[in-house]
1. Determine if segment 37-44 includes at least one residue that is closer than 24 Å to Ala127 by Cα and surrounded by 20 or more Cβ atoms within 10 Å (Cβ to Cβ).
2. Does Glu298 meet the test of being modelled with pLDDT of 95 or more and of a type in the set (D, E, K, R)?
3. Taking the stated definitions as given, is Glu99 surrounded by fewer than 20 Cβ atoms within 10 Å (Cβ to Cβ), in the same structural domain as Val35 (by TED's automatic domain parsing), under 24 Å from the mean Cα position of the chain (by Cα) and over 22 Å from Ile44 (Cβ atoms)?
4. I need the full set of residues from segment 214-232 which are out of contact with any Asp or Glu (no Cβ under 6 Å at 6 or more places or on another chain), at pLDDT 95 or above and not hydrophobic (A, V, I, L, M, F, W, C), in order please.
5. Answer yes or no as to whether Val88 is free of Cβ contacts under 8 Å to residues at least 60 places away in the same chain and surrounded by fewer than 22 Cβ atoms within 10 Å (Cβ to Cβ).
6. Out of everything in segment 187-213 that is in a strand (DSSP E or B) and among the hydroxyl-bearing types (Ser, Thr, Tyr), what residue ends up being modelled with the highest pLDDT?
7. Being in contact with a Phe, Trp or Tyr (Cβ under 6 Å, 6 or more places away or on another chain), modelled with pLDDT of 80 or more and not aromatic (Phe, Trp, Tyr) is true for just one of Ala453, Ala466, Ala390. Which residue is that?
8. Working only within segment 279-313, note down all residues that are assigned to a helix (DSSP H, G or I), within 13 Å of Val327 (Cβ to Cβ) and of a type in the set (Gly, Ala, Ser).
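The values are calculated or read from the model by the stated rules, or taken from the named source; none is laboratory data. Remember, it's a predicted structure, so these values are computed and weren't measured experimentally. Note: ideal-geometry Cβ built from the backbone for every residue, glycine included; neighbour counts use all protein chains shown.
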Amino acid sequence: MKLEPDVPQHLVAPPFGILYLASALEQAGFEVTLVHEPGSERVIRQLVADVLRSRPLLIGFSTLTGPSILPTLKASREIKQVSNVPVVWGGLHPTMLPEQTLESGCVDIVAVGEGEETIAELATALADGGKTSTLERVAGLVFRANGSIHRTGPRPFIRNLDQYAPAWHYLDANRYLFSDRHFYTDMGSRLGAPKVASILTSRGCPWRCAYCYNQFVNRRSFRAHSAARVLHDVRTLKERYGVGALIIEDDCFFAHRARGLEIAHGLGVPWTVSIRASELAKWGPSFVREIAKAGCQEVRIGAESGSQRILELMEKDISVDDIRTAVRLCVEAGIRPALNFMIGIPGESDSDMRMTLDLMDELEALGDAVAVNGPSVFLPWPGTALYERAVAMGFKPPSQTADWGVQWGGQLPSTPFLPRKYRFINYYRFLAFRKQTAFLKFPFFATVLQRLARMRWRRRFFRFPADYYLPRFVWHFLRGVGLRRLSTAFYE
C-alpha cells in the first residue's frame, strides 16, 4: 500500500510500484488488497481495523523520501500496537536507508531495490512459517530477528520486465486520469485531451547525474518493456478508459533510441516525455521533427543550471549551449520544452546561482512556447554523490526516519551551503509567473502577492520574506478552524 500526504488528488501520480508488486503476488498465487489513499486519521483507522479483521500474511508499504513517510510511519506504529503481522517497507527511501528504517521500531522487514520477485519470495517464506533461516534465503531483504539486523544478498535486476504488468484491476484507474487543467496547471499545458494518463515503459538511466537516485538504486542500468507490450497497454488505455493523451514518466525513455521511436510512432495520441538536452542537441532537427510528427507536444528537459561549472559539478554531461540548442530545436518543430532548474548545489556560488536565474529569464522571454520551472532548492538524497559532498560541507542528515518526512516536506533542511535569502526562491518565481488564478474566489489577494513576487524576481531581492509567511499563516489558520474550502478559495 501507499499512503500520501494530504494533497489534491490530481497531483498524485499513479502508484506504479505497488501496482507491479500486486501483479507479482497475484502470479505467485496470493490474494492482494491494494490501498492508495491520503494518510488521514480516517484512512489509518480503517486500515488498522482491516488488519485486525483479515489478519493478512504481511502489510507492505512503499514510500519515498519526503512527507509520505509521516503517515506511513503512523500507520505502521498503530498496526504494530495491535497486531503481530509483519510490516514490510519498500521503495526508494527504505532502499537507501534500510537500517535506519528498521530502527524506527515499527518496521520488521525492508525490501531493498526492485520488489516484484522479493515480495513474492518473502510472502512464500512467511507462509511457510517465516523462520529466520528461511528469510535469509530471500535475496534483497534487511530484517530484524533475535535482537539483531540481518542483511541478505543483493537482488539481481529483473531483465524481462514484460513478465509483470501494473495490476490496475485493484484500483480505480479513473482516479489517475485528468484533463489539461491539472497538468502543469500553472505553467500552461499543450495536452488538451479530456483524459490524460501516465505510463511507465522502462526502469533506470545510464547517465551519472550526481544528485539522482538512479546511480545508487539502478546502478546506471536501463531495462525496458518491449515496444509491443507498451503499445498493447496503450491500446487498452485508449479503448477501456478513453485516454486521449499520454505522459511518459520514464527517467530516460530514449536511452534506446530505436525502441523509443518505434513506440512513439505507434501511440496515436499526443504525448509528453523527458529527454536530455544533450541528446536533442546531438540528434538534431531531423529527430525533433520526427517525434513532433509522431505526436510529441511537450518535452521535459532537466536543464538544472545556467552555470557550466555547476553542470560539471553535477556530472550532467551537458552544456549550457546544449540547453539553448535543445530549446531552439523544440520551438522550431512546434514542441513545447518544459525546463527544470535547481540551485543550492554544494559548492555553488552566488554568481553561479545568478547565471541560472539569468538563463531562466532568457528562456522565459520566448513566451508561451517555453515553460520554465523552478528553481527548486537542492535536497541531498542519501546514496548520491552530491549527498556525500553536502555532508562534507556541513549538511547534517536526519538521524531518524521521521525527520526525513518533516524536513523534506515543506520545512527545508539545514543546508549551510545555500544562502538563506534563496530558501523561498522557488515560491517567489512560481507565484511571479503563475498563469492561472481565475479559479480562486478572491483573486485580489493572489494578484497582490504576484506583483510583489514579480518585483522581487526582477530585482533579485529575496530577503525578509514577510509576504511568504503571512498568507501561509492565514491559510493554516483558516484550515485550523475548519474553513478548508475558504482557505483554498483565498490562497492556494
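1. no
2. Taking the combined requirement at face value, the residue does not satisfy it.
3. Yes: the conditions hold for Glu99.
4. Result: Arg223, His232.
5. Here the answer is no, as Val88 does not meet what is asked.
6. Filtering segment 187-213 for residues that are in a strand (DSSP E or B) and among the hydroxyl-bearing types (Ser, Thr, Tyr), the one modelled with the highest pLDDT comes out as Ser202.
7. Ala453
8. Ala281
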